[in-house]
Amino acid sequence: MKKSLLALTVATLLSTTAMAQQVTVVTSFSKDVTDPIKAAFEASNPGMTLEVQNKSTSSGVVYLEETRSNNQTDLFWASAPDAFVTLKDQGLLYPFRPNVEGIPETVGSYHVNDQDGYFFGFAASGYGMMWNTRYLDANGIEAPAEWDDLTEAQYHDHVVIAAPSRSGTTHLTVETILQGEGWDGGWKLLKLIGGNFQQVTDRSFGVPDAVNSGQAGVGIVIDFFGFSARASGFPVDFAYPSVTTVVPANIGVVTNPPNLAGAEAFVNFLLSEEGQLVLFDPAIQRLPINPAVYDRAPEGLPNPFEDAQFASMMTFDGNLSSQRSAVVDALFDQTITFQLENLRAAIGAIQAAEAAAIGMDNAEAQALIDEAIGLVAALPVDATAAISPDIVDAFEGGEQASARQSQLEQEWATFAQTNYAQAKEKAEAALALLS
(Lines give C-alpha, C1' and ligand atoms only; values in the text may rest on other atoms or scores of the structure.)
Protein backbone atom coordinates (compact mmCIF):
# COMPACT_ATOMS: atom_id res chain seq x y z
CA MET A 1 0.00 0.00 0.00
CA LYS A 2 2.84 2.31 0.98
CA LYS A 3 4.69 1.45 -2.25
CA SER A 4 1.58 2.24 -4.33
CA LEU A 5 1.15 5.57 -2.60
CA LEU A 6 4.82 6.42 -3.16
CA ALA A 7 4.60 5.49 -6.83
CA LEU A 8 1.47 7.62 -7.24
CA THR A 9 3.18 10.56 -5.53
CA VAL A 10 6.26 10.28 -7.73
CA ALA A 11 4.13 10.02 -10.87
CA THR A 12 2.14 13.09 -9.83
CA LEU A 13 5.31 15.07 -9.16
CA LEU A 14 6.80 14.06 -12.51
CA SER A 15 3.59 15.02 -14.31
CA THR A 16 3.42 18.35 -12.50
CA THR A 17 7.08 19.06 -13.32
CA ALA A 18 6.53 18.25 -16.98
CA MET A 19 3.49 20.53 -17.14
CA ALA A 20 5.45 23.29 -15.39
CA GLN A 21 8.12 23.11 -18.12
CA GLN A 22 5.66 23.24 -21.00
CA VAL A 23 4.94 26.66 -22.51
CA THR A 24 1.75 26.74 -24.55
CA VAL A 25 1.32 29.33 -27.27
CA VAL A 26 -1.66 30.03 -29.52
CA THR A 27 -0.44 31.55 -32.77
CA SER A 28 -1.52 32.38 -36.29
CA PHE A 29 1.97 31.66 -37.61
CA SER A 30 2.62 28.58 -39.72
CA LYS A 31 5.05 25.81 -38.83
CA ASP A 32 7.58 27.36 -41.22
CA VAL A 33 7.83 30.24 -38.74
CA THR A 34 7.27 28.49 -35.43
CA ASP A 35 9.40 25.35 -35.90
CA PRO A 36 12.82 27.09 -36.13
CA ILE A 37 11.95 29.37 -33.18
CA LYS A 38 10.64 26.44 -31.13
CA ALA A 39 13.86 24.49 -31.79
CA ALA A 40 16.09 27.44 -30.84
CA PHE A 41 14.10 28.21 -27.67
CA GLU A 42 14.15 24.60 -26.46
CA ALA A 43 17.88 24.34 -27.19
CA SER A 44 18.52 27.51 -25.21
CA ASN A 45 16.25 26.46 -22.33
CA PRO A 46 16.87 22.76 -21.58
CA GLY A 47 13.86 21.11 -19.99
CA MET A 48 11.35 23.53 -21.48
CA THR A 49 9.10 22.58 -24.38
CA LEU A 50 7.06 24.91 -26.56
CA GLU A 51 3.58 23.58 -27.33
CA VAL A 52 2.30 25.37 -30.45
CA GLN A 53 -1.42 25.56 -31.24
CA ASN A 54 -2.08 27.07 -34.67
CA LYS A 55 -5.26 29.07 -35.19
CA SER A 56 -6.20 32.01 -37.37
CA THR A 57 -5.95 35.34 -35.55
CA SER A 58 -9.73 35.75 -35.20
CA SER A 59 -10.17 32.11 -34.13
CA GLY A 60 -7.37 32.52 -31.58
CA VAL A 61 -9.06 35.57 -30.06
CA VAL A 62 -12.38 33.71 -29.84
CA TYR A 63 -10.62 30.67 -28.34
CA LEU A 64 -9.09 32.76 -25.54
CA GLU A 65 -12.46 34.39 -24.89
CA GLU A 66 -14.22 31.04 -24.66
CA THR A 67 -11.56 29.37 -22.44
CA ARG A 68 -10.92 32.27 -20.05
CA SER A 69 -12.55 30.46 -17.08
CA ASN A 70 -10.20 27.47 -17.51
CA ASN A 71 -7.28 28.96 -19.38
CA GLN A 72 -4.61 26.51 -20.57
CA THR A 73 -2.68 28.98 -22.78
CA ASP A 74 0.44 30.90 -21.75
CA LEU A 75 0.98 33.15 -24.77
CA PHE A 76 -0.81 34.66 -27.76
CA TRP A 77 1.47 35.31 -30.74
CA ALA A 78 0.30 36.95 -33.99
CA SER A 79 0.88 39.79 -36.41
CA ALA A 80 -2.28 41.86 -35.98
CA PRO A 81 -1.84 44.58 -33.32
CA ASP A 82 -5.59 45.28 -33.25
CA ALA A 83 -6.20 41.70 -32.06
CA PHE A 84 -3.99 42.44 -29.05
CA VAL A 85 -5.90 45.66 -28.40
CA THR A 86 -9.11 43.61 -28.33
CA LEU A 87 -7.61 41.02 -25.92
CA LYS A 88 -6.22 43.75 -23.66
CA ASP A 89 -9.60 45.52 -23.54
CA GLN A 90 -11.24 42.24 -22.51
CA GLY A 91 -8.76 41.63 -19.68
CA LEU A 92 -7.27 38.59 -21.41
CA LEU A 93 -3.62 39.73 -21.31
CA TYR A 94 -1.25 39.85 -18.33
CA PRO A 95 1.11 42.85 -17.82
CA PHE A 96 4.81 42.08 -17.94
CA ARG A 97 8.13 43.90 -18.55
CA PRO A 98 10.68 42.02 -20.69
CA ASN A 99 14.30 42.29 -19.51
CA VAL A 100 15.79 42.79 -23.00
CA GLU A 101 17.36 46.22 -23.54
CA GLY A 102 17.89 48.20 -26.74
CA ILE A 103 14.39 47.79 -28.23
CA PRO A 104 13.35 51.14 -29.83
CA GLU A 105 10.20 52.96 -28.76
CA THR A 106 8.81 53.02 -32.29
CA VAL A 107 9.10 51.36 -35.67
CA GLY A 108 8.07 53.80 -38.39
CA SER A 109 5.63 55.94 -36.40
CA TYR A 110 4.05 53.06 -34.46
CA HIS A 111 4.85 52.17 -30.83
CA VAL A 112 6.70 48.85 -30.67
CA ASN A 113 5.25 47.84 -27.29
CA ASP A 114 1.91 48.42 -25.63
CA GLN A 115 2.39 51.43 -23.35
CA ASP A 116 0.80 49.55 -20.42
CA GLY A 117 2.99 46.46 -20.87
CA TYR A 118 0.33 44.02 -22.08
CA PHE A 119 1.95 43.03 -25.42
CA PHE A 120 5.29 43.45 -27.14
CA GLY A 121 6.53 43.78 -30.69
CA PHE A 122 8.98 41.08 -31.76
CA ALA A 123 9.16 41.82 -35.51
CA ALA A 124 8.28 44.65 -37.88
CA SER A 125 5.77 44.02 -40.65
CA GLY A 126 4.74 45.96 -43.74
CA TYR A 127 2.08 45.13 -46.32
CA GLY A 128 2.29 45.02 -50.06
CA MET A 129 2.35 42.85 -53.18
CA MET A 130 4.36 39.77 -54.14
CA TRP A 131 4.44 38.43 -57.66
CA ASN A 132 5.73 35.49 -59.62
CA THR A 133 8.18 36.90 -62.18
CA ARG A 134 7.90 33.92 -64.54
CA TYR A 135 4.09 34.06 -64.43
CA LEU A 136 4.04 37.79 -65.25
CA ASP A 137 6.57 37.37 -68.06
CA ALA A 138 4.60 34.47 -69.57
CA ASN A 139 1.37 36.49 -69.52
CA GLY A 140 2.86 39.82 -70.62
CA ILE A 141 1.95 41.53 -67.35
CA GLU A 142 3.95 44.34 -65.76
CA ALA A 143 5.07 44.11 -62.14
CA PRO A 144 2.83 46.28 -59.92
CA ALA A 145 4.19 49.18 -57.85
CA GLU A 146 1.03 50.72 -56.35
CA TRP A 147 -2.38 49.41 -55.22
CA ASP A 148 -3.97 51.36 -58.11
CA ASP A 149 -2.00 49.27 -60.59
CA LEU A 150 -3.98 46.20 -59.56
CA THR A 151 -7.21 47.80 -60.85
CA GLU A 152 -5.90 47.64 -64.43
CA ALA A 153 -7.38 45.18 -66.93
CA GLN A 154 -4.01 43.41 -67.37
CA TYR A 155 -4.42 41.95 -63.84
CA HIS A 156 -7.93 40.55 -64.44
CA ASP A 157 -8.07 36.98 -63.06
CA HIS A 158 -4.42 37.12 -61.94
CA VAL A 159 -4.62 38.49 -58.34
CA VAL A 160 -5.16 36.51 -55.14
CA ILE A 161 -5.90 37.62 -51.57
CA ALA A 162 -6.94 35.94 -48.32
CA ALA A 163 -10.30 36.74 -46.74
CA PRO A 164 -9.67 39.33 -43.99
CA SER A 165 -12.24 37.52 -41.84
CA ARG A 166 -9.91 34.50 -41.88
CA SER A 167 -6.53 36.25 -41.92
CA GLY A 168 -5.38 38.85 -39.40
CA THR A 169 -2.61 40.09 -41.69
CA THR A 170 -5.03 40.58 -44.60
CA HIS A 171 -7.39 42.41 -42.26
CA LEU A 172 -4.51 44.77 -41.45
CA THR A 173 -3.85 45.30 -45.16
CA VAL A 174 -7.51 46.09 -45.85
CA GLU A 175 -7.67 48.41 -42.84
CA THR A 176 -4.43 50.11 -43.95
CA ILE A 177 -5.98 50.86 -47.36
CA LEU A 178 -9.16 52.17 -45.69
CA GLN A 179 -7.17 54.42 -43.36
CA GLY A 180 -4.81 55.57 -46.11
CA GLU A 181 -7.44 56.22 -48.79
CA GLY A 182 -10.41 57.03 -46.55
CA TRP A 183 -13.54 54.91 -46.06
CA ASP A 184 -15.19 55.65 -49.44
CA GLY A 185 -11.99 55.83 -51.49
CA GLY A 186 -10.54 52.74 -49.82
CA TRP A 187 -13.59 50.58 -50.47
CA LYS A 188 -13.76 51.80 -54.07
CA LEU A 189 -10.12 50.79 -54.54
CA LEU A 190 -10.66 47.41 -52.86
CA LYS A 191 -13.66 46.63 -55.07
CA LEU A 192 -11.92 47.67 -58.28
CA ILE A 193 -9.00 45.41 -57.32
CA GLY A 194 -11.48 42.75 -56.18
CA GLY A 195 -12.92 42.58 -59.67
CA ASN A 196 -9.51 41.28 -60.77
CA PHE A 197 -9.27 38.60 -58.08
CA GLN A 198 -8.69 35.06 -59.29
CA GLN A 199 -9.53 33.70 -55.84
CA VAL A 200 -9.99 34.63 -52.17
CA THR A 201 -8.23 32.07 -49.98
CA ASP A 202 -9.27 30.87 -46.53
CA ARG A 203 -5.84 31.34 -44.90
CA SER A 204 -3.13 33.94 -45.39
CA PHE A 205 -0.48 31.41 -46.41
CA GLY A 206 -2.75 30.23 -49.23
CA VAL A 207 -1.74 33.41 -51.07
CA PRO A 208 2.04 32.81 -51.20
CA ASP A 209 1.35 29.16 -51.99
CA ALA A 210 -0.65 30.24 -55.07
CA VAL A 211 1.98 32.76 -56.21
CA ASN A 212 5.00 30.55 -55.51
CA SER A 213 3.47 27.66 -57.45
CA GLY A 214 2.56 29.86 -60.42
CA GLN A 215 -1.17 29.31 -59.94
CA ALA A 216 -1.64 33.08 -59.63
CA GLY A 217 0.45 36.05 -60.69
CA VAL A 218 0.15 38.58 -57.86
CA GLY A 219 -0.66 38.20 -54.17
CA ILE A 220 -1.60 40.82 -51.58
CA VAL A 221 0.46 39.84 -48.55
CA ILE A 222 2.43 40.73 -45.46
CA ASP A 223 6.06 41.36 -46.42
CA PHE A 224 7.74 38.27 -44.98
CA PHE A 225 5.73 36.00 -47.29
CA GLY A 226 7.49 37.67 -50.23
CA PHE A 227 10.91 37.79 -48.56
CA SER A 228 10.84 34.14 -47.43
CA ALA A 229 9.66 32.93 -50.85
CA ARG A 230 12.47 34.84 -52.54
CA ALA A 231 15.05 33.55 -50.04
CA SER A 232 13.82 30.00 -50.61
CA GLY A 233 14.50 30.25 -54.33
CA PHE A 234 11.05 30.87 -55.78
CA PRO A 235 10.90 33.26 -58.80
CA VAL A 236 9.19 35.87 -56.66
CA ASP A 237 9.59 39.56 -55.85
CA PHE A 238 7.87 41.93 -53.44
CA ALA A 239 7.18 45.68 -53.21
CA TYR A 240 5.67 48.06 -50.68
CA PRO A 241 3.19 50.52 -52.29
CA SER A 242 3.35 54.14 -51.12
CA VAL A 243 0.08 53.77 -49.16
CA THR A 244 1.07 51.21 -46.56
CA THR A 245 2.25 51.01 -43.01
CA VAL A 246 4.77 49.24 -40.81
CA VAL A 247 3.56 47.86 -37.50
CA PRO A 248 4.99 45.38 -35.00
CA ALA A 249 3.95 41.75 -34.94
CA ASN A 250 3.32 40.97 -31.30
CA ILE A 251 3.35 38.51 -28.45
CA GLY A 252 1.55 38.79 -25.11
CA VAL A 253 1.16 36.73 -21.93
CA VAL A 254 -2.39 35.47 -21.42
CA THR A 255 -4.12 36.25 -18.12
CA ASN A 256 -3.77 33.44 -15.54
CA PRO A 257 -1.20 31.48 -17.56
CA PRO A 258 -0.45 27.90 -16.45
CA ASN A 259 3.29 28.62 -16.72
CA LEU A 260 4.01 32.30 -16.10
CA ALA A 261 7.77 31.81 -15.68
CA GLY A 262 7.94 29.84 -18.93
CA ALA A 263 5.88 32.45 -20.76
CA GLU A 264 8.20 35.23 -19.59
CA ALA A 265 11.25 33.15 -20.54
CA PHE A 266 9.93 32.73 -24.08
CA VAL A 267 9.19 36.44 -24.53
CA ASN A 268 12.67 37.36 -23.29
CA PHE A 269 14.23 34.76 -25.60
CA LEU A 270 12.24 35.98 -28.60
CA LEU A 271 13.41 39.57 -28.09
CA SER A 272 17.04 38.67 -27.35
CA GLU A 273 19.70 38.75 -30.06
CA GLU A 274 19.73 34.95 -30.04
CA GLY A 275 15.99 34.79 -30.66
CA GLN A 276 15.94 37.67 -33.13
CA LEU A 277 18.63 36.09 -35.30
CA VAL A 278 16.33 33.11 -35.87
CA LEU A 279 14.03 35.51 -37.77
CA PHE A 280 16.66 35.61 -40.54
CA ASP A 281 16.05 31.90 -41.26
CA PRO A 282 15.23 31.67 -45.02
CA ALA A 283 11.87 30.10 -44.17
CA ILE A 284 10.94 33.05 -41.89
CA GLN A 285 12.64 36.27 -43.16
CA ARG A 286 10.86 38.56 -40.72
CA LEU A 287 12.26 42.00 -39.83
CA PRO A 288 13.69 41.88 -36.26
CA ILE A 289 12.57 44.48 -33.77
CA ASN A 290 15.99 44.49 -32.10
CA PRO A 291 18.29 46.74 -34.21
CA ALA A 292 21.41 45.07 -32.79
CA VAL A 293 21.12 42.13 -35.19
CA TYR A 294 20.79 43.96 -38.53
CA ASP A 295 24.55 43.86 -39.09
CA ARG A 296 24.04 40.13 -39.66
CA ALA A 297 20.94 40.47 -41.89
CA PRO A 298 20.84 38.54 -45.18
CA GLU A 299 21.32 40.55 -48.36
CA GLY A 300 18.15 42.18 -49.68
CA LEU A 301 16.26 42.31 -46.39
CA PRO A 302 15.33 45.93 -45.54
CA ASN A 303 16.09 47.59 -42.19
CA PRO A 304 12.93 49.38 -40.96
CA PHE A 305 15.03 51.54 -38.60
CA GLU A 306 17.25 52.93 -41.37
CA ASP A 307 15.54 52.57 -44.77
CA ALA A 308 13.81 55.84 -45.73
CA GLN A 309 10.68 54.19 -47.15
CA PHE A 310 9.63 53.07 -43.67
CA ALA A 311 9.86 56.57 -42.23
CA SER A 312 7.29 57.82 -44.77
CA MET A 313 4.76 55.03 -44.18
CA MET A 314 1.41 56.06 -42.73
CA THR A 315 0.56 55.77 -39.02
CA PHE A 316 -1.80 52.87 -38.41
CA ASP A 317 -4.66 53.52 -35.96
CA GLY A 318 -4.94 50.25 -34.04
CA ASN A 319 -7.82 51.46 -31.88
CA LEU A 320 -9.96 52.39 -34.90
CA SER A 321 -9.12 49.07 -36.52
CA SER A 322 -10.09 47.16 -33.38
CA GLN A 323 -13.33 49.13 -33.03
CA ARG A 324 -14.66 48.29 -36.51
CA SER A 325 -12.77 45.06 -37.14
CA ALA A 326 -15.76 42.70 -37.38
CA VAL A 327 -17.74 45.20 -39.46
CA VAL A 328 -14.92 45.60 -42.00
CA ASP A 329 -14.46 41.84 -42.27
CA ALA A 330 -18.19 41.23 -42.76
CA LEU A 331 -18.47 44.03 -45.31
CA PHE A 332 -15.54 42.62 -47.29
CA ASP A 333 -17.06 39.14 -47.26
CA GLN A 334 -20.56 40.26 -48.24
CA THR A 335 -19.49 42.68 -50.98
CA ILE A 336 -16.36 40.96 -52.34
CA THR A 337 -15.63 37.40 -51.12
CA PHE A 338 -19.18 36.05 -51.49
CA GLN A 339 -19.96 38.22 -54.55
CA LEU A 340 -16.76 37.47 -56.39
CA GLU A 341 -18.32 36.19 -59.62
CA ASN A 342 -20.79 39.10 -59.78
CA LEU A 343 -18.02 41.62 -59.03
CA ARG A 344 -15.66 40.06 -61.57
CA ALA A 345 -18.41 40.19 -64.22
CA ALA A 346 -19.14 43.86 -63.53
CA ILE A 347 -15.48 44.88 -63.55
CA GLY A 348 -14.80 42.82 -66.68
CA ALA A 349 -17.64 44.64 -68.49
CA ILE A 350 -16.34 48.02 -67.31
CA GLN A 351 -12.80 47.22 -68.45
CA ALA A 352 -14.09 46.14 -71.88
CA ALA A 353 -16.04 49.39 -72.25
CA GLU A 354 -13.05 51.47 -71.08
CA ALA A 355 -10.83 49.76 -73.65
CA ALA A 356 -13.35 50.48 -76.42
CA ALA A 357 -13.61 54.13 -75.30
CA ILE A 358 -9.92 54.84 -75.85
CA GLY A 359 -9.60 57.42 -78.63
CA MET A 360 -13.39 57.78 -78.89
CA ASP A 361 -15.32 60.96 -78.06
CA ASN A 362 -18.62 59.54 -76.85
CA ALA A 363 -19.95 61.44 -73.83
CA GLU A 364 -23.00 59.19 -73.47
CA ALA A 365 -20.87 56.07 -73.30
CA GLN A 366 -18.43 57.67 -70.85
CA ALA A 367 -21.31 58.70 -68.61
CA LEU A 368 -22.55 55.10 -68.55
CA ILE A 369 -19.05 53.87 -67.65
CA ASP A 370 -18.81 56.42 -64.82
CA GLU A 371 -22.23 55.34 -63.53
CA ALA A 372 -21.14 51.71 -63.61
CA ILE A 373 -18.00 52.48 -61.57
CA GLY A 374 -20.12 54.47 -59.13
CA LEU A 375 -22.46 51.52 -58.63
CA VAL A 376 -19.54 49.19 -57.91
CA ALA A 377 -18.01 51.67 -55.46
CA ALA A 378 -21.26 52.40 -53.58
CA LEU A 379 -21.48 51.17 -49.98
CA PRO A 380 -24.44 50.08 -47.84
CA VAL A 381 -22.86 51.62 -44.71
CA ASP A 382 -20.81 54.80 -44.23
CA ALA A 383 -17.78 55.36 -41.99
CA THR A 384 -19.80 56.81 -39.14
CA ALA A 385 -22.33 53.99 -39.13
CA ALA A 386 -19.52 51.40 -39.24
CA ILE A 387 -18.45 52.38 -35.71
CA SER A 388 -21.94 53.07 -34.35
CA PRO A 389 -23.27 50.87 -31.51
CA ASP A 390 -26.20 49.81 -33.73
CA ILE A 391 -23.80 48.16 -36.19
CA VAL A 392 -20.82 47.22 -33.97
CA ASP A 393 -22.94 45.56 -31.26
CA ALA A 394 -24.56 43.31 -33.87
CA PHE A 395 -21.19 41.63 -34.39
CA GLU A 396 -20.41 40.99 -30.70
CA GLY A 397 -21.80 37.46 -30.73
CA GLY A 398 -18.55 35.71 -31.62
CA GLU A 399 -18.92 32.83 -34.04
CA GLN A 400 -22.65 32.60 -33.28
CA ALA A 401 -24.17 35.24 -35.52
CA SER A 402 -26.93 37.28 -33.94
CA ALA A 403 -30.22 37.88 -35.72
CA ARG A 404 -29.20 41.51 -36.25
CA GLN A 405 -25.85 40.47 -37.72
CA SER A 406 -27.55 38.07 -40.12
CA GLN A 407 -29.99 40.80 -41.14
CA LEU A 408 -27.20 43.28 -41.86
CA GLU A 409 -25.14 40.76 -43.79
CA GLN A 410 -28.14 39.83 -45.96
CA GLU A 411 -28.87 43.51 -46.64
CA TRP A 412 -25.24 44.16 -47.62
CA ALA A 413 -25.11 41.10 -49.87
CA THR A 414 -28.34 42.08 -51.64
CA PHE A 415 -27.09 45.66 -52.04
CA ALA A 416 -23.85 44.48 -53.65
CA GLN A 417 -25.51 41.90 -55.89
CA THR A 418 -28.03 44.44 -57.20
CA ASN A 419 -25.42 47.13 -57.78
CA TYR A 420 -23.00 44.82 -59.58
CA ALA A 421 -25.75 43.59 -61.91
CA GLN A 422 -26.77 47.16 -62.73
CA ALA A 423 -23.12 48.17 -63.23
CA LYS A 424 -22.62 45.32 -65.67
CA GLU A 425 -25.72 46.36 -67.65
CA LYS A 426 -24.56 49.98 -67.89
CA ALA A 427 -21.03 48.99 -68.94
CA GLU A 428 -22.44 46.67 -71.62
CA ALA A 429 -24.71 49.49 -72.83
CA ALA A 430 -21.66 51.76 -73.07
CA LEU A 431 -19.78 49.11 -75.03
CA ALA A 432 -22.71 48.81 -77.45
CA LEU A 433 -22.53 52.54 -78.11
CA LEU A 434 -18.82 52.27 -78.82
CA SER A 435 -18.98 49.20 -81.07
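The values are calculated or read from the model by the stated rules, or taken from the named source; none is laboratory data. These figures come from a predicted structure and were not determined experimentally. Here Cβ is always computed from backbone atoms with ideal geometry, including for glycine, and neighbour counts include all displayed protein chains. When the accessible area is computed, the model is the full protein with side chains, heavy atoms only, and any ligands, DNA or RNA have been set aside. Shrake-Rupley method; radii C 1.70, N 1.55, O 1.52, S 1.80 Å.
Values computed for the structure shown
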quantity: Dipole moment magnitude, nearest 20 debye, the range 187-305 about Cα centre, only Lys, Arg, Asp, Glu C-beta charged; calculated: 500 debye
quantity: Among beta bridges that DSSP assigns inside the chain, antiparallel share in %, nearest 5; calculated: 60 percent
quantity: Length gained when the stretch GLU274-ASP393 is fully extended (0.36 nm per residue, less Cα-Cα span); calculated: 38.4 nm
quantity: Efficiency of FRET from Cβ geometry, THR315 and GLU101, R₀ 30 Å, rounded to 0.05; calculated: 0.70
quantity: Share of pairwise Cα separations in the range 190-289, more than 16 Å, in percent; calculated: 67 percent
quantity: Distance histogram in 5 Å bins (all Cα pairs of the range 253-352, percent per bin); calculated: 2, 10, 11, 10, 10, 14, 15, 13, 7, 5, 3, 1, 0
quantity: Relative frequency of Cα-Cα separations exceeding 28 Å in the range 285-435, percent; calculated: 49 percent
quantity: Pairwise FRET efficiency - ALA43 versus GLU364, Cβ, R0 = 60 Å, nearest 0.05; calculated: 0.25
quantity: Rounded accessible area per residue of the chain, 1.4 Å, Å²; calculated: 42 Å²
quantity: Selected from LEU172, ASN250, GLN309, residue furthest toward positive end of dipole (the chain; charges at beta carbon); calculated: ASN250
quantity: Computed lengthening from ASP307 to ALA261, 0.36 nm per intervening residue step minus Cα-Cα distance; calculated: 12.9 nm
quantity: Candidates VAL218, VAL26, VAL243: whichever shows maximal mean-square fluctuation once the chain is modelled as a Gaussian network with Cα springs under 10 Å; calculated: VAL243
quantity: Percent carbon-and-sulfur accessible area, the chain, ignoring ligands, DNA and RNA, probe 1.4 Å; calculated: 51 percent
quantity: Environment charge of ILE369, counting only residues whose C-beta is closer than 9 Å and scoring Lys/Arg +1, Asp/Glu -1; calculated: -2
quantity: Rounded to the nearest 20 debye, dipole of the chain from Cβ charges on Lys, Arg, Asp, Glu; calculated: 1580 debye
quantity: Restraint check, LYS31/LYS55; LYS191/LYS424; LYS31/LYS88, Cα-Cα greater than 18 Å; calculated: LYS31/LYS88
quantity: Two-decimal Rg to Rh for the range 87-207 - Kirkwood Rh, Cα set; calculated: 1.07
quantity: Sequence of ARG203, ARG324, ARG166, ARG134 from largest to smallest accessible area, 1.4 Å probe; calculated: ARG134, ARG166, ARG203, ARG324
quantity: Total formal charge among the other residues, if their Cβ is under 15 angstrom from that of VAL26, Lys/Arg +1 and Asp/Glu -1; calculated: 0
quantity: Sites ALA355 and ALA385, calculated FRET efficiency, Cβ-Cβ separation with R0 41 Å, nearest 0.05; calculated: 0.70
quantity: q = 0.17, 0.22 Å⁻¹: log10 I(q)/I(0) that the Debye formula gives for the range 258-314, counting C-alpha atoms only; calculated: -0.62, -0.86
quantity: Net charge of neighbours whose Cβ lies under 15 Å from the Cβ of ALA263, counting Lys and Arg as +1 and Asp and Glu as -1; calculated: -2
